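Participant: Have a look at this one.
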Amino acid sequence: MTKVGINGFGRIGRILARLIISQSGLGRGLSLKAIVVRKSSDGDLAKRASLLRRDSIHGTFAGTISVDEENEAIIANGQFIKVIYASNPSEVDYTAYGIENALVIDNTGKWRDAEGLAQHLKCPGVARVILTAPSKGEMKNVVYGVNHSDIIDSDQIISAASCTTNAITPVLKVINDHYGIQGGHVETV
């Protein structure tokens, strides 16, 4: 199982958490171990658990969610997920929480280049980083089903591209592979 830390817990972070938790135990290979956020106020942990529990688009969480205030954790479907409070990656030592060789998924949008995201790799316990936004610079932008075979074992930081790119590119690939595309224009609203 690849241990996962999610950096940022906005809508994307919460949807990622739901997906990873729902796949846990199904042999998909990911196990959510930590969520890294800035502490916003008293009652922060309960607020974050509540936001995970109910989503205005995706509905109610399928399962149970409770809060372990003493250990600063969310328990989702029996899984212990440590909530680590930090303002930037340099403050986090994943090994202090028993997390080794982790994949960090950064969805804060704060760092979008290899240099900024490399801060995660300096943290004890982190092996790889995925950005959930289009990258800046020379980093690989990967859309699963289109160019995921471009990922090589030595890649430590990649971008999962933008939501628009992930929505349109697989469809365009199928059309191009079967019929060909001479040109086009895509708008987002």
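The values are calculated or read from the model by the stated rules, or taken from the named source; none is laboratory data. Predicted model, so just to flag it, every value in this text is computed and none were measured. Ideal geometry is used to build each Cβ from the backbone, glycine not excepted, and the neighbour counts take in all protein chains shown. Note: areas computed on protein heavy atoms with side chains; ligands, DNA, RNA excluded. Shrake-Rupley method; radii C 1.70, N 1.55, O 1.52, S 1.80 Å.
Participant: Could you state the angle between the C-alpha long axis of helix 11-23 and the longest principal axis of the C-alpha atoms of the chain, as a value from 0 to 90 degrees rounded to the nearest 10?
Facilitator: Here the helix axis deviates by roughly 80 degrees.
Participant: Moving on to the next point. Just grab the label-to-label distance for residue 11 and residue 173, each label 7 Å out from Cα along the Cβ direction, in nm (one decimal).
Facilitator: 2.5 nm
Participant: Relative to the present Cα-Cα distance, how much length would full extension add between residue 38 and residue 121 at 0.36 nm per residue of separation?
Facilitator: On the way: separation 83, 0.36 × 83 = 29.88 nm, distance 1.91 nm.
Result: 28.0 nm gained on full extension.
Participant: Same structure again: Just to be sure I understand: of the beta bridges DSSP finds with both ends in the chain, what percent are antiparallel, rounded to 5? Don't skip to the end; give the middle numbers.
Facilitator: Values: 10 of 33 bridges.
In the chain, DSSP labels about 30 percent of beta bridges as antiparallel.
Participant: Tell me, what is the per residue accessible area of segment 53-147 in Å², probe radius 1.4 Å?
Facilitator: Values: 5020 Å² over 95 residues.
Accessible area per residue, segment 53-147: 53 Å².
Participant: What does the extension gain come out to for residue 164 and residue 147, with contour length at 0.36 nm per residue minus their alpha carbon separation? Write down the numbers at each step before the final one.
Facilitator: Numbers: separation 17, 0.36 × 17 = 6.12 nm, distance 1.56 nm.
Gain on extension, residue 164 to residue 147, equals 4.6 nm.
Participant: If you don't mind, there's one more thing I want to ask. Give me the percent of accessible area attributable to carbon and sulfur for segment 63-189, probe 1.4 angstrom.
Facilitator: Working: 3810 of 7510 Å².
Answer for segment 63-189: carbon and sulfur cover 51 percent of the accessible area.
Participant: Quick check: residue separation of residue 188 and residue 64 times 0.36 nm, minus the Cα distance between them. What number comes out in nm? Show your work: numbers first, answer last.
Facilitator: On the way: separation 124, 0.36 × 124 = 44.64 nm, distance 3.56 nm.
Extra length from residue 188 to residue 64 when fully extended: 41.1 nm.
Participant: Taking the 0 to 90 degree range and rounding to the nearest ten, how far is the long axis of helix 44-53 tilted relative to the main principal axis of the chain, both from C-alpha atoms?
Facilitator: 50 degrees
Participant: When the helix-only estimate is applied to the chain (DSSP H runs of n ≥ 4, each -39,500 (n - 2.57), divided by the residue count), what is the mean residue ellipticity at 222 nm, nearest 500 deg cm²/dmol? Don't skip to the answer; put the middle values down first.
Facilitator: Numbers: 4 runs with 47 residues, N = 189.
Value at 222 nm, helices only, nearest 500: -7500 deg cm²/dmol.
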